[in-house]
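The values are calculated or read from the model by the stated rules, or taken from the named source; none is laboratory data. Note that this is a predicted model, so its numbers are computed, not measured. Glycine gets a Cβ as well: all are built from the backbone with ideal geometry, and neighbour counts include every protein chain shown.
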Amino acid sequence: MQSTLAADRIGRRCGSPLRWPVSLNLHSRTERIPRFINSIKCEQAFSPQACVSSGFSGPSVPADSWYASSTPIPRHVESVKIAMLEGKGRGLVATHDIALGEVVMATPPLVLVTSPLRQRPSGELVVDEILERKLYGSTWFSVLYDGSSRSSKAEFQLAPADALGNGSHSLIPEPVDVPRRAQPPEPVVVSMSAAVKALAAASATSPAKKKGFLASRSSTGRRGKGSAAVTASKGGQGSAIPEALPLPDRREQTRLAKVVKFNCFGDDTEDLAACECRGEQPRGHIGLWPEFALFNHSCAPNTTNYVIGDSMVVRACRPIRTGEEVTICYLGRPQLLPFSRRISILSDEYGFECNCTRCMAEQAHFDKVADVYLELFEDVNEKLGPAFLEARAAGDLEAIGELQREVQSWLRRLYGLFRKTLLAPDVRHYVIASLYDAYDLLFSCAAALGQGEDSSSLQASLKAIEAVSAGSDLHVLLAVRHLDCTVQQHGHDSALAGLARQALRRAHIARYGPVSEELMSKLIALNRKFHVES
Ligand SMILES: C[S@@+](CC[C@H](N)C(=O)[O-])C[C@H]1O[C@@H](n2cnc3c(N)ncnc32)[C@H](O)[C@@H]1O
């Protein structure tokens with residue numbers, strides 16, 4: 001899942017360092033990230049009031065309180081229900097019309113491993129915690145996807161929030177004949193430094209023949225000295241360890257590893273502005289949020305997601321109709337690669353052929369832009385990008401100027417093709433998003449040369465990112481830079497600055513929900529501080 005699922009892809013979504021300047025990150029992804037759309041309609045997106053009142057029939061989910069000091073995040077799953085979807089197994093569809101920025105899901109983790117900022121813990125630590133805490137006793141492990149088509153056919157429903165109270169999650173299997181405990185253990189949170197110490201201590205004393213995720217465990221399945229410091233979740237719940245539950249056999253262990261591979265989500269950071277508002281230290285993390293794991297993927301999803309507190313929060317990044325599938329993106333930073341690369345990653349890591357709206361559109365129109373599309377991508381990645389790094393390290397401004405002109409010339413050719421082939425605006429946005437590396441390189445060249453922002457490239461990339469990844473951290477920071485650049489070039493009261501302000505509000509509503517004016521200003525200022533000024 002968004003930077004979820006396949007252990008290695010986990011967390012690539014948002015904070016993965018870019019090859020050149022690091023001027024930008026992609027939304028995390030989180031990564032995981034599902035979606036296919038067009039730009040969000042201004043009128044719908046613009047008014048927080050409209051967001052709140054349009055079609056939200058579920059319990060009212062307040063926006064501001066979630067960004068107040070360490071407020072617990074209430075579980076919310078009523079906006080979606082499980083459906084069987086052709087070629088995808090189970091998925092989640094909207095139970096009512098959902099407005100931009102509205103919470104689609106907020107769900108606590110079954111297990112969460114945290115780490116210092118900019119580090120993403122390994123998926124193995126999740127497996128280890130599941131074994132240590134005997135979380136494999138949870139019903140979730142009998143219904144989550146494990147790579148087999150059989151596992152994606154288990155039918156169940158999400159239990160309504162009011163049936164469980166805050167901080168819990170559960171499911172109602174149908175039929176109710178699952179031979180495991182119906183209630184999962186409480187979520188656990190463990191800090192990576194403690195978990196890594198425990199792994200190191202245990203592997204130093206473990207018999208060499210033990211392999212795989214049991215390698216760090218003693219023969220009783222319990223860790224010895226140096227055991228990870230599992231803490232109660234922020235909701236204040238401890239974690240019960242059912243002592244009677246036997247360790248899983250080898251076949252069950254293999255299945256458990258697969259469930260973690262396909263269903264975990266990780267990232268190297270939480271949302272910096274949200275953490276600041278909540279008075280929390282941002283962390284790297286990896287975890288299993290079982291209800292969140294039911295979202296399918298799209299390369300242009302209709303939601304964005306990230307961790308607040310310990311909960312996974314999913315918000316609509318464009319309006320979603322009743323019955324429409326709700327998606328996230330599994331890819332992280334690779335979401336901004338050409339369709340052929342995305343398709344191959346998803347096939348290798350998740351075992352499915354992506355046929356989302358964006359992949360279909362890029363493929364259908366590929367012949368119109370093929371001359372430039374892949375050539376530009378390869379040139380940027382194999383030649384121009386590395387040359388930029390070398391020139392910057394050598395302080396060779398002349399070489400950087402040459403590279404800048406070369407990228408600009410490529411982009412002129414691309415726009416020429418757009419005009420000649422009358423490519424529809426949504427397809428242009430998809431193509432530009434898939435060539436984001438070229439824009440990033442252009443921004444880096446300008447920064448290295450001490451030039452101001454290139455407003456037309458900034459605007460083109462902002463629109464493209466809004467089309468494929470609205471509400472991502474990249475969307476938010478491009479919107480901040482675009483407004484600042486527009487104000488500088490056209491003045492604070494210009495019409496263009498007004499439009500840039502609307503775009504900035506849309507980005508923040510998609511990410512944080514329909515918050516008050518006061519909180520919106522605070523979040524914008526924090527995002528400017530964390531992502532632009534620094
Ligand atoms: C985390 S699970 C998502 C929920 C899953 N469909 C289920 O039934 O539990 C990830 C798996 O769902 C399937 N999947 C997700 N997105 C898909 C898509 N866009 N097309 C086809 N299969 C998809 C793939 O098998 C993938 O490995």
- prompt: Within the stretch 308-332, how many residues are near the ligand (Cβ under 10 Å from one of its atoms), among the hydroxyl-bearing types (Ser, Thr, Tyr) and more than 13 Å from GLY266 (Cα to Cα)?
  reply: 1
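Please indicate, with yes or no, whether at least one residue in the stretch 294-307 is on the phi > 0 side of the Ramachandran plot, of a type outside the set (Phe, Trp, Tyr) and away from the ligand (no atom under 12 Å from the Cβ). Quick ask: steps written out before the conclusion?
Of the stretch 294-307, the ones on the phi > 0 side of the Ramachandran plot are none.
Checked against the condition, which is being on the phi > 0 side of the Ramachandran plot, of a type outside the set (Phe, Trp, Tyr) and away from the ligand (no atom under 12 Å from the Cβ), the stretch 294-307 yields no hits at all.
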In the stretch 244-272, the residues that are more than 16 Å from the ligand (Cβ to nearest atom), more than 13 Å from the chain's Cα centre (by Cα) and closer than 20 Å to SER115 by Cβ: LEU272
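Mind telling me which of the residues LEU435, LEU403, LEU449, LEU477 ends up being surrounded by fewer than 18 Cβ atoms within 10 Å (Cβ to Cβ) and either of a type in the set (A, V, I, L, M) or in contact with a strand residue (DSSP E or B) (Cβ under 6 Å, 6 or more places away or on another chain) (or both)? Write out each step before concluding.
Values: LEU435 fails: surrounded by fewer than 18 Cβ atoms within 10 Å (Cβ to Cβ); LEU403 fails: surrounded by fewer than 18 Cβ atoms within 10 Å (Cβ to Cβ); LEU477 fails: surrounded by fewer than 18 Cβ atoms within 10 Å (Cβ to Cβ).
LEU449 is the lone residue from the list that is surrounded by fewer than 18 Cβ atoms within 10 Å (Cβ to Cβ) and either of a type in the set (A, V, I, L, M) or in contact with a strand residue (DSSP E or B) (Cβ under 6 Å, 6 or more places away or on another chain) (or both).
Could you tell me how many of the residues in the stretch 290-304 are part of a loop (DSSP other than H, G, I, E, B) and either among the polar types (S, T, N, Q) or farther than 23 Å from LYS258 by Cβ (or both)?
To start, the set of residues in the stretch 290-304 that are part of a loop (DSSP other than H, G, I, E, B) comprises 290-291, 295, 298-302.
This time we only want the ones that are either among the polar types (S, T, N, Q) or farther than 23 Å from LYS258 by Cβ (or both), so: 298-302.
So the answer is 5.
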task: Within the stretch 87-120, work out how many residues are in contact with a Pro (Cβ under 8 Å, 6 or more places away or on another chain), away from the ligand (no atom under 16 Å from the Cβ) and of a type in the set (Val, Ile, Thr).
output: 3
- prompt: If you go through the stretch 278-289 one residue at a time, how many are more than 11 Å from the ligand (Cβ to nearest atom) and either surrounded by fewer than 21 Cβ atoms within 10 Å (Cβ to Cβ) or not in a strand (DSSP E or B) (or both)?
  reply: 6
query: Looking at the stretch 333-343, is at least one residue modelled with pLDDT of 95 or more, over 22 Å from ASP437 (Cα atoms), in contact with a strand residue (DSSP E or B) (Cβ under 6 Å, 6 or more places away or on another chain) and more than 12 Å from the ligand (Cβ to nearest atom)?
result: no
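Could you please find all residues in the stretch 508-528 being of a type in the set (Gly, Ala, Ser), more than 10 Å from VAL480 (Cβ to Cβ) and surrounded by fewer than 24 Cβ atoms within 10 Å (Cβ to Cβ)?
As a first pass, look at the stretch 508-528 and keep what is of a type in the set (Gly, Ala, Ser): 510, 513, 516, 521, 525.
Retained after the next criterion (residues that are more than 10 Å from VAL480 (Cβ to Cβ)): 510, 513, 516, 521.
Correct list: SER516, SER521.
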message: Of everything in the stretch 344-367, what is within 12 Å of the ligand (Cβ to nearest atom) and assigned to a loop (DSSP other than H, G, I, E, B)? Give them in sequence order.
response: GLY351, PHE352, GLU353, CYS354, ASN355, CYS356
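With ILE343, ILE320, ILE308 as the choices, which residue is surrounded by fewer than 24 Cβ atoms within 10 Å (Cβ to Cβ), touching a residue at least 12 places away in the same chain (Cβ under 8 Å), within 17 Å of GLY513 (Cβ to Cβ) and hydrophobic (A, V, I, L, M, F, W, C)?
Numbers: ILE343 fails: within 17 Å of GLY513 (Cβ to Cβ); ILE320 fails: surrounded by fewer than 24 Cβ atoms within 10 Å (Cβ to Cβ).
Among ILE343, ILE320, ILE308, only ILE308 is surrounded by fewer than 24 Cβ atoms within 10 Å (Cβ to Cβ), touching a residue at least 12 places away in the same chain (Cβ under 8 Å), within 17 Å of GLY513 (Cβ to Cβ) and hydrophobic (A, V, I, L, M, F, W, C).
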message: For the stretch 72-86, check the following and say yes or no: at least one residue is outside any strand (DSSP E or B), surrounded by fewer than 19 Cβ atoms within 10 Å (Cβ to Cβ) and within 16 Å of the ligand (Cβ to nearest atom).
response: yes
